[in-house]
1. Under unit Cβ charges (Lys, Arg +1; Asp, Glu -1), what dipole magnitude, rounded to 20 debye, does segment 31-94 have relative to its Cα centre?
2. Could you list the residues of segment 19-35 with an amide nitrogen less than 14 Å from a label point located 7 Å from the Cα of M1 in the Cα-to-C-beta direction?
3. Mark the label point 7 Å from the Cα of L90 along Cα→Cβ and return the residues of segment 56-76 whose backbone N is within less than 12 Å of it.
4. Given the options A23, A67, A80, which has the most mean-square fluctuation in a GNM of the chain, springs set between C-alpha atoms less than 10 angstrom apart?
5. Would you mind counting up the charge near P82? Only other residues with Cβ under 15 Å from its Cβ, with Lys and Arg at +1 and Asp and Glu at -1.
6. Name the shape class, rounded, prolate or oblate, that the alpha-carbon gyration tensor gives for the chain, where a ≥ b ≥ c are the square roots of its eigenvalues, rounded holds for a/c under 1.5, and otherwise prolate holds if a/b is larger than b/c and oblate otherwise.
7. Return the sequence-ordered ³J(HN,Hα) values of segment 49-62 in whole Hz as given by the Karplus equation 6.51 cos²θ - 1.76 cosθ + 1.60 applied to θ = phi - 60°, using x for Gly and Pro.
Amino acid sequence: MELDRRYVLETETELRNLYRPPAGRTLTKQLDRLDRHCKRFIGHSPFLCLATSRPDGSADCSPKGDAPGFVQILSDTTIAMPDRPGNNRLDSITN
């Protein structure tokens, strides 16, 4: 299959030039700790996706679920979840 070079982007600048700049609030949505809204959301959630990566850059994302409240908030920067039997690959723990 032949690629049409007109549709190939090689830099982040080329990509960003195709889109409008992000709106003001989207630039400040990242948090360095859990706020009350995050804590409430986590407390009500029966599901999460745990993403980890290895030093070589390979990544894994594992679904985790249980009754709402299964994730404990230990501090504004730390959560804990129970280890549940799964496929025993240990991907999340060994990454």
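Every number in this text was worked out from the coordinates using simple rules, so none of it is lab data. Values in this document were obtained by computation on a predicted structure and should not be read as measured data. Quick reminder, even Gly has a Cβ in these numbers, built from the backbone with ideal geometry, and neighbours come from all protein chains shown.
1. 200
2. Of the residues in segment 19-35, none has backbone N under 14 Å from the label point off M1.
3. none
4. Highest fluctuation of the listed residues: A23.
5. Charge balance in the 15 Å sphere: 0.
6. oblate
7. So the J values, rounded to whole Hz, are 10, 9, 9, 9, 9, 8, x, 7, x, 5, 10, 9, 10, 10.
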